[in-house]
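One structure below.
The values are calculated or read from the model by the stated rules, or taken from the named source; none is laboratory data. Values in this document were obtained by computation on a predicted structure and should not be read as measured data. Cβ placement follows ideal geometry from the backbone for every residue including glycine, while neighbour counts extend to all protein chains displayed. Surface accessibility is based on the protein's heavy atoms, side chains included, excluding ligands, DNA and RNA. Shrake-Rupley method; radii C 1.70, N 1.55, O 1.52, S 1.80 Å.
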Amino acid sequence: VFRSQMPLQTIINPQLVSDLVNSLVTMADESGRHYFERWEIVNAYSGCMLGNPALSVLADAYAKGIRSYDVEKAYRYAVNSSKRFGNDPLGYTPSELCISHTLEYAYADWCISRLAEQLGKREDAALYAAKGQSYRNIFDREKGWFRPRRADGAWEPWPENARTTEWYGCIESNPYQQGWFVPHDVEGLVDLMGGREQFVQMLDSVFVVPPIYDDSYYGFRIHEITEMQVADMGNYAHGNQPAQHMIYLYNYAGAPWKAQYWAREVMDRLYSACPDGYCGDEDNGQTSAWYVFSALGFYSVCPASDEYVVGSPLFRKAVVNLENGNKIVLEAPDNSPENRYIGAVQFDGKSYTYNFLRHSDLVKGAGVRFSMRPDPDYTRGTEPGDAPYSFSRE
């Protein structure tokens, strides 16, 4: 890849996203249920898994100007989804899967708040923005991590290996992996953990602790744990979706070079052009999507925020052809396996220190040039203002 002088080219088609949203609305209509299911299978509602992932698809599509569907109906079904699958009036979901439920629903409600704001529904926007802060209600400051909580407000017992215990408040994962899922308010999570330094130390620990697990809570080992051990990156389980954005969180805490290092490590070590080239489930394209985004040099940590978080580009040149006729040209002429760190970035010829790229800027046509180097730059992108979007900064 690095030796090739031919640029990677790809075409982005918003019409496909519009078709997807129309399909979601149509299924909600034809089912007679008038809400978005979590896992549709051939127009059937399986009732499987948790969260409200369709709401992020809808909110992200609208934020990016993709609106060729019945927006009011889609919004109404989004609200219905939150009412049916959402955090309890307590401000969290007191269930066996309390951590996964509460964090997933908090993000989905923030998505509704973004959509409501753009539609001029200010009362709804305020309501769902507040619900988007529900993640705070299950963070145990004494333990320094998320913890399942009962309906009476009491915490569930804390096992000896709580953070690495399978299914302890989480679905198909453990608190060490699921606990980073606050994509809409990473700065709020940084504050809960005691600041940027403590946040970075905790994130570092995910990659260096032994790939241990405790299946005593559930009774047997799930395949995601096996894949995590084979990957040998501590407790980072790239084959499990709740963890896939984790690497990019360093950009929110003033350590973007660590995101660059780990993004390249994952691309190099956990993917290959072979029949077994994935390190876990492909799951409807998510594992491939992570690679395609990351190879371009950025990733959508928080859909509906209009921002992509910068990592480490894999190619010397990539051209994204947009449906509107514009092009995004991404260049890193000094790129190599050794030169994985970003020394400087230019956006349309001007110096650019931010750790994110705005979708609204890119779709106008843009040229992004990365200056790559073999050692980290400990000064670029370290100021608080260089961090990507977090709700707490509004």
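For TYR35, indicate whether it is in contact with a Ser or Thr (Cβ under 8 Å, 6 or more places away or on another chain), aromatic (Phe, Trp, Tyr), farther than 30 Å from GLU166 by Cα and at pLDDT 90 or above. Spell out how you get there, then give the answer.
Details: in contact with a Ser or Thr (Cβ under 8 Å, 6 or more places away or on another chain): yes; aromatic (Phe, Trp, Tyr): yes; farther than 30 Å from GLU166 by Cα: yes; at pLDDT 90 or above: yes.
So TYR35 fits the description; yes.
May I ask you to verify whether THR382 is part of a loop (DSSP other than H, G, I, E, B), among the β-branched types (Val, Ile, Thr), under 22 Å from the mean Cα position of the chain (by Cα) and surrounded by 14 or more Cβ atoms within 10 Å (Cβ to Cβ)?
Working: part of a loop (DSSP other than H, G, I, E, B): yes; among the β-branched types (Val, Ile, Thr): yes; under 22 Å from the mean Cα position of the chain (by Cα): yes; surrounded by 14 or more Cβ atoms within 10 Å (Cβ to Cβ): yes.
When the stated conditions are applied, THR382 passes them.
Report, by residue number, each residue of the stretch 355-379 that is open to solvent by 40 Å² or more (accessible area, probe 1.4 Å) and more than 20 Å from ASP306 (Cβ to Cβ). Break it down into steps so the answer makes sense when it comes.
Residues of the stretch 355-379 that are open to solvent by 40 Å² or more (accessible area, probe 1.4 Å), as a first pass: 358, 360-361, 363-364, 369, 371, 373-375, 378-379.
Within the stretch 355-379, ARG369, SER371, ARG373, PRO374, ASP375, TYR378, THR379 qualify.
Output yes when any residue across the stretch 45-60 is farther than 23 Å from PRO242 by Cα and either open to solvent by 50 Å² or more (accessible area, probe 1.4 Å) or at pLDDT 95 or above (or both), and no when none is. It would help to see each step written out before you state the result.
Kept after step one, since they are farther than 23 Å from PRO242 by Cα, are these residues of the stretch 45-60: none.
Within the stretch 45-60 (the criterion being farther than 23 Å from PRO242 by Cα and either open to solvent by 50 Å² or more (accessible area, probe 1.4 Å) or at pLDDT 95 or above (or both)), the answer is no, since none of the residues qualifies.
Check the stretch 333-354 and report whether any residue there is within 26 Å of TYR128 (Cα to Cα), open to solvent by 40 Å² or more (accessible area, probe 1.4 Å), part of a loop (DSSP other than H, G, I, E, B) and modelled with pLDDT under 95.
We begin by selecting, within the stretch 333-354, every residue within 26 Å of TYR128 (Cα to Cα); these are none.
No, the stretch 333-354 contains no residue that is within 26 Å of TYR128 (Cα to Cα), open to solvent by 40 Å² or more (accessible area, probe 1.4 Å), part of a loop (DSSP other than H, G, I, E, B) and modelled with pLDDT under 95.
Counting only residues that are more than 17 Å from VAL190 (Cβ to Cβ) and either of a type in the set (Asp, Glu) or touching a residue at least 40 places away in the same chain (Cβ under 8 Å) (or both), which one in the stretch 122-137 is surrounded by the fewest Cβ atoms within 10 Å (Cβ to Cβ)?
If we filter the stretch 122-137 for residues that are more than 17 Å from VAL190 (Cβ to Cβ), which is where we start, we get 122-131, 134, 137.
Remaining after also requiring either of a type in the set (Asp, Glu) or touching a residue at least 40 places away in the same chain (Cβ under 8 Å) (or both): 123-124, 128-129, 131, 134, 137.
Working: GLU123: 8, ASP124: 17, TYR128: 25, ALA129: 19, LYS131: 19, SER134: 23, ASN137: 17.
Step by step, filter the stretch 122-137, then rank; the result is GLU123.
For the stretch 79-105, what are the residues that are part of a helix (DSSP H, G or I) and either of a type in the set (D, E, K, R) or under 18 Å from the mean Cα position of the chain (by Cα) (or both)? Break it down stepwise before answering.
So the first thing to find is which residues in the stretch 79-105 are part of a helix (DSSP H, G or I), and the list is 79-84, 98-105.
Those that are part of a helix (DSSP H, G or I) and either of a type in the set (D, E, K, R) or under 18 Å from the mean Cα position of the chain (by Cα) (or both): LYS83, ARG84, ILE99, SER100, HIS101, THR102, LEU103, GLU104, TYR105.
Within the stretch 231-270, can you find the residues that are outside any loop (DSSP other than H, G, I, E, B) and of a type in the set (A, V, I, L, M)?
Going residue by residue through the stretch 231-270, those that are outside any loop (DSSP other than H, G, I, E, B) are 231, 241-243, 246-252, 256-270.
ALA231, ALA243, MET246, ILE247, LEU249, ALA259, ALA263, VAL266, MET267, LEU270, listed by residue number.
Could you run through the stretch 305-331 and say how many residues are touching a Ser or Thr at 6+ places or on another chain (Cβ under 6 Å) and at pLDDT below 95? Before you say what the answer is, go through the steps one by one.
Residues of the stretch 305-331 that are touching a Ser or Thr at 6+ places or on another chain (Cβ under 6 Å), as a first pass: 306, 308, 311, 320.
Remaining after also requiring at pLDDT below 95: 306, 320.
Count: 2.
Just need a number here: residues in the stretch 106-120 that are in a helix (DSSP H, G or I) and open to solvent by 10 Å² or more (accessible area, probe 1.4 Å). Lay out the reasoning, then the answer.
The initial filter retains those residues of the stretch 106-120 that are in a helix (DSSP H, G or I), namely 106-118.
This time we only want the ones that are open to solvent by 10 Å² or more (accessible area, probe 1.4 Å), so: 107, 114, 117-118.
Qualifying residue count for the region: 4.
Pull out all pairs, ordered by first then second residue, where Cβ-Cβ is under 8 Å, the residues are six or more apart or on different chains, the first lies in the stretch 144-169 and is touching a residue at least 12 places away in the same chain (Cβ under 8 Å) and polar (S, T, N, Q), and the second is in a loop (DSSP other than H, G, I, E, B) and crowded, with 22+ Cβ neighbours inside 10 Å.
THR164/ASN174; THR164/ASN235; THR165/ASN174
Across the stretch 160-182, what is the number of residues that are over 12 Å from the mean Cα position of the chain (by Cα) and open to solvent by 10 Å² or more (accessible area, probe 1.4 Å)?
So the count comes out to 8.
Inside the stretch 138-159, can you point out the residues that are closer than 19 Å to LEU90 by Cα and either open to solvent by 30 Å² or more (accessible area, probe 1.4 Å) or among the basic types (Lys, Arg) (or both)?
ARG141, ARG147, ARG149, ARG150, ALA151, ASP152, ALA154, TRP155, GLU156
So which pairs qualify, if the first residue must be in the stretch 23-38 and within 17 Å of ALA108 (Cα to Cα) and touching a residue at least 24 places away in the same chain (Cβ under 8 Å), the second must be of a type in the set (Lys, Arg) and in a loop (DSSP other than H, G, I, E, B), the Cβ gap must be under 6 Å, and the two must be at least 6 apart or on different chains?
none
Counting just the residues of the stretch 320-332 that are of a type in the set (A, V, I, L, M) and part of a strand (DSSP E or B), which one comes out nearest to ALA253 (Cα to Cα)? Even if it seems obvious, please write down each step before you answer.
Our first condition is that a residue be of a type in the set (A, V, I, L, M); within the stretch 320-332, this holds for 320, 322, 328-330, 332.
Going one step further and asking which of them are part of a strand (DSSP E or B), we end up with 320, 322, 328-330.
On the way: VAL320: 29, LEU322: 32, ILE328: 27, VAL329: 28, LEU330: 25 Å.
Across the stretch 320-332, the extreme among qualifying residues is LEU330.
For residues that are in contact with a helix residue (DSSP H, G or I) (Cβ under 6 Å, 6 or more places away or on another chain) and within 14 Å of ALA116 (Cβ to Cβ), tally how many sit in the stretch 57-74.
Going through the stretch 57-74 one residue at a time, the tally reaches 4.
Residue under question is SER312, and the condition is that it be open to solvent by less than 20 Å² (accessible area, probe 1.4 Å) and free of Cβ contacts under 8 Å to residues at least 40 places away in the same chain; does it hold?
Details: open to solvent by less than 20 Å² (accessible area, probe 1.4 Å): yes; free of Cβ contacts under 8 Å to residues at least 40 places away in the same chain: no.
No.
Quick one: is THR93 crowded, with 18+ Cβ neighbours inside 10 Å, among the polar types (S, T, N, Q) and either farther than 19 Å from HIS184 by Cα or modelled with pLDDT of 95 or more (or both)?
Details: crowded, with 18+ Cβ neighbours inside 10 Å: yes; among the polar types (S, T, N, Q): yes; either farther than 19 Å from HIS184 by Cα or modelled with pLDDT of 95 or more (or both): yes.
Yes: the conditions hold for THR93.
Could you please let me know if GLY280 is of a type in the set (Gly, Ala, Ser), touching a residue at least 40 places away in the same chain (Cβ under 8 Å) and open to solvent by 10 Å² or more (accessible area, probe 1.4 Å)? Don't jump to the end; show me each part of the working.
Working: of a type in the set (Gly, Ala, Ser): yes; touching a residue at least 40 places away in the same chain (Cβ under 8 Å): yes; open to solvent by 10 Å² or more (accessible area, probe 1.4 Å): yes.
Taking the combined requirement at face value, the residue satisfies it.
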